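Notes to accompany the following structure.
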Amino acid sequence: MAVIVWTVAAARPPEHFGYMLFLVFFGAGCFWLAYGMWQASAREIELTRSELREVGGRVLCRVDNVARVDRGAFAFKPAGGFLIRLKQPEGPRTYAPGVWWRAGRTVAVGGVTARQDGKNVADMMIVMLVERGEDV
């Protein structure tokens with residue numbers, strides 16, 4: 001998208017300088033977001049008995065704080081992913097573009113992750129909840 005916007009700005013520059021600035025900064029914003037998604041999608045997410053975390057160590061949520069896991073068709077979740085509702089909020093709002101986000105008592109995982117991998121992790125978390133004796 002950034003290359004397209006910058007090409008339009010170079011090939012057919014607008015008459016008004018404000019529009020030119022808009023195209024340049026819009027292209028820079030698109031490039032920055034694409035770079036952020038590229039960096040975030042390079043990380044892997046793993047599920048352990050105690051937590052859902054990135055391989056680098058950043059924790060998405062603790063398993064004992066999970067109230068429910070939702071991967072239904074009408075859940076507000078990323079494509080091919082799932083939604084986790086927590087009992088208590090875990091840390092500040094965090095966003096890994098295209099991979100996961102956390103806001104308050106909600107964690108959403110998916111986007112660039114493979115659909116089958118997301119389904120498997122959600123199913124394993126549901127099994128962990130059932131083993132704990134929680135109502136799913």
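Scanning for something surrounded by fewer than 16 Cβ atoms within 10 Å (Cβ to Cβ) and under 12 Å from the mean Cα position of the chain (by Cα), does segment 20-36 turn up at least one residue? The answer is yes; a qualifying residue exists. Taken over segment 51-103, the criterion of being touching a Gly at 6+ places or on another chain (Cβ under 7 Å), modelled with pLDDT under 90 and not β-branched (Val, Ile, Thr) is satisfied by Lys77, Pro78, Ala79, Gly80, Gly81, Pro97, Gly98. Every residue in segment 83-136 that is part of a loop (DSSP other than H, G, I, E, B) and either on the phi > 0 side of the Ramachandran plot or in contact with an Asp or Glu (Cβ under 6 Å, 6 or more places away or on another chain) (or both), please. Correct list: Gly91, Gly98, Gly104, Gly110, Gly111, Gly133. Restricting the first member to segment 26-41 and to residues that are among the hydrophobic types (A, V, I, L, M, F, W, C), and the second to residues that are surrounded by fewer than 14 Cβ atoms within 10 Å (Cβ to Cβ), the beta-carbon pairs closer than 7 Å and six or more apart or on different chains are Cys30/Met1. Does Leu60 meet the test of being outside any helix (DSSP H, G or I), under 15 Å from the mean Cα position of the chain (by Cα) and touching a residue at least 40 places away in the same chain (Cβ under 8 Å)? Yes; evaluated as a whole, the condition is true for this residue.
The values are calculated or read from the model by the stated rules, or taken from the named source; none is laboratory data. Bear in mind the structure is a predicted one, so any value in this text is a computation, not a measurement. Please note: Cβ atoms are built from the backbone with ideal geometry, for glycine as well, and neighbour counts cover all protein chains shown.
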